[in-house]
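The values are calculated or read from the model by the stated rules, or taken from the named source; none is laboratory data. Since the model is a prediction, treat every value here as computed from it, not as a measurement. Cβ placement follows ideal geometry from the backbone for every residue including glycine, while neighbour counts extend to all protein chains displayed. Surface areas here come from the heavy atoms of the whole protein model, side chains and all, with no ligands, DNA or RNA. Shrake-Rupley method; radii C 1.70, N 1.55, O 1.52, S 1.80 Å.
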Amino acid sequence: MKISLKGIGTGFRSLMTGMRITMGQFFKQPVTVHYPHETLTMPPRFRGHIELVRDPQTGRAICYACKACEKSCPSDCIIVEGAKREGEKRKSVTEFKLDFTKCSLCGSCVEACKSNAIRFSKAYNLASTNKDEFIMDLFQKLEAEGQGGEPPKPAASETAPTRTEPPKPEPPKEEVK
Amino acid sequence: MSTSQVIPAPEQPHETFVLNVGPQHPATHGVLRLKLTMDGEYITRAEPVCGYIHRMHEKMGENRTWAQYLPNTGRIDYLAAMAYGHAYVAAVERAAKIEVPPRAEYIRVITTELNRISSHLVWFGAFLLDLGGFTPLLYAFDDREKILDLLEALTGSRLTYCYYRFGGVCNDVDDDFIRGVREFVAGMWPRMKFYRELVTDNIILRKRLIGIGVISDEMCRKYGATGPVIRGSGVGYDVRKMEPYSVYRDLDFDVPVFSEGDCMARYLVRMEEMVQSLRIVEQALDKLPAGPVMTSGVPRVLKPPAGDYCFAVEAARGRLLVRIVSDNKEIPYRVRWRTPSFCNLSLFEEASAGMMLPDALALLGSLDLVIPDIDR
């Protein structure tokens, strides 16, 4: 009888300690971020997928297709092709494909690049149901940004996340009899 | 043959049945399968079946260059990726005779110890989740989040850091990181007291853990169990003290040892290890020398001289050894990992015989298994 009473006493004390601590937490600020409505800023060194860097003077990609990134990649997910333009000594990039399905985000390519022609993107909202979206043509992406005459889009972390609505299915056509 | 001859049925004093735990089960923390032969509520035989997440990390080492293998090291044990990178990088540095600048060594120790704390915090949350306590997980992940944010700002990644390079580390620490780590360490001391009050002193937890799953030091030696498992059985084996590597020789820390060998001992070892890791981080920050973080003159295409090299470190789960064999080519001839979780799991079959099912799951949780580390 004595032992069981003692047990109840210890159990009750243990319970009260737990309750006191959880009660203390009740008055503290929440630590969670309500994700779609609030986002955290990505640190400057965040390793996202890679993107080509534009030379501010010429307005073209710095990359001259030396293929150091292609060689350093452990997963063989980069394909670079280049060609010489008329009147230029160096090659310039004509194709830069990244197979993001294979990329392990290790950053070897950025480290191998001697001319700082590639950098990490800050985009992280990359989920998709379509595999083709992850075979990225970075050169075309850069060209498309240039043709619009707009500065490159700010990284995803700097803006509120834009929620892309799935394409609405077309309303079924009413069959006219 | 006469018809009167009757073959007697084999006697079955206790009827046993096979219970399958996993490969997808919350208590196994990954794709580990346990084939339990049960006699009622008691286990007569527990057979771990592993190999569900085998990714050929050792074979992959044989078809990529020395540097290209670096991202793989973080994926063997994703909770303590720093220690794995450290072991591999240090083995290659030993082979190629590359000196590491002292600042880089201190940064390695700081990041590895922070990673050890974050790994133990995951274990702490998940272990209590196994035992049926949900709340501590949320507090543990709050603290872990602070470490991950710091390491993300430094390395660019939250789990698979790939931060160490042959001859140093790839980024230097900045003042923000040092300030952040000091703030975290200062904030962690009251949290350790908080965990003791909320969890360690809790009577339900003590009743679940004290005297449960006793592992003798002999059994640990037989199966090669290391880390907090053997230190919970009264053997003070820690690679950081036994074969000091990096700058651990210059740092003052204790190796917590508890001799009971039960789940509570292993629990207390890990809680005490977090305290010791905090001490190491504080000291390393005070002693952090100035200077470069990368040795100059490391060749881009590394070809270590032919030979057989080993390097052992203390990972969060125990002794981690990497053996590399080089034949003076740019691709390793062989990369072999001795991972702690595999040895720690192998004693489960003997230790769990005769235990009740909920107690066996407490024992499994107290071994702190990471399944990719077992299968690699």
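Taking all protein chains together and a probe of 1.4 Å, list B:Asp172, B:Asp77 from the most accessible to the least accessible.
Per-residue accessible area, sorted high to low, gives B:Asp172, B:Asp77.
Principal-axis analysis of the Cα atoms of chain B puts helix B:357-366 at an angle of about 10° to the longest axis. Extending 7 Å from Cα along the Cβ direction at A:Leu126 and again at B:Arg179 yields two label points whose distance is 3.1 nm. Extending 7 Å from the Cα toward the beta-carbon at both A:Ile135 and B:Gln5 defines two label points whose distance is 7.2 nm.
Restricting everything to alpha-carbon atoms, can you work out Rg to Rh for segment B:59-374 with a Kirkwood hydrodynamic radius?
Result for segment B:59-374 is an Rg/Rh of 0.97.
Of the two radii for segment B:307-376, the radius of gyration is 1.16 times the Kirkwood radius, both from the alpha carbons; that is the Rg over Rh value. Computed with a 1.4 Å probe over protein heavy atoms only, the accessible area of B:Thr135 comes to about 60 Å². Residues B:Lys97, A:Lys28, A:Lys102 ordered from highest to lowest accessible area at a 1.4 Å probe: B:Lys97, A:Lys28, A:Lys102.
Within the shell defined by Cβ-Cβ distances under 12 Å, the residues around B:His57 carry a net charge of +1, with Lys and Arg each +1 and Asp and Glu each -1. For the protein assembly as shown, the convex hull drawn through the C-alpha positions has a volume of 323 cubic angstrom per residue. Given R0 = 25 Å, the distance between the Cβ atoms of B:Val298 and A:Asn116 translates into a calculated FRET efficiency of 0.80. Could you tell me the relative contact order of chain B? Use alpha-carbon pairs under 8 Å, at least six residues apart, and round to a whole percent. Relative contact order for chain B comes out at 26 percent. For chain B, the longest principal axis of the alpha carbon atoms and the long axis of helix B:81-96 meet at an angle near 60°.
Based on the Cβ-Cβ distance of B:Asn20 and B:Leu138, what FRET efficiency does E = 1/(1 + (r/R0)^6) give at R0 = 25 Å, to the nearest 0.05? The calculated FRET efficiency here is 0.25. Ordered from largest to smallest accessible area (heavy atoms of protein chains, 1.4 Å probe), the residues A:Phe26, A:Phe139, B:Phe253 come out as A:Phe26, A:Phe139, B:Phe253.
In segment B:279-324, one over the average inverse separation of all distinct C-alpha pairs is 14.5 Å, which is the Kirkwood hydrodynamic radius.
B:Tyr245 exposes around 10 Å² of accessible area when a 1.4 Å probe is run over every protein chain in place.
For chain B, find the longest principal axis of its Cα atoms and tell me its angle to the long axis of helix B:102-130, 0 to 90°, nearest 10. Helix B:102-130 sits at roughly 20 degrees to that axis.
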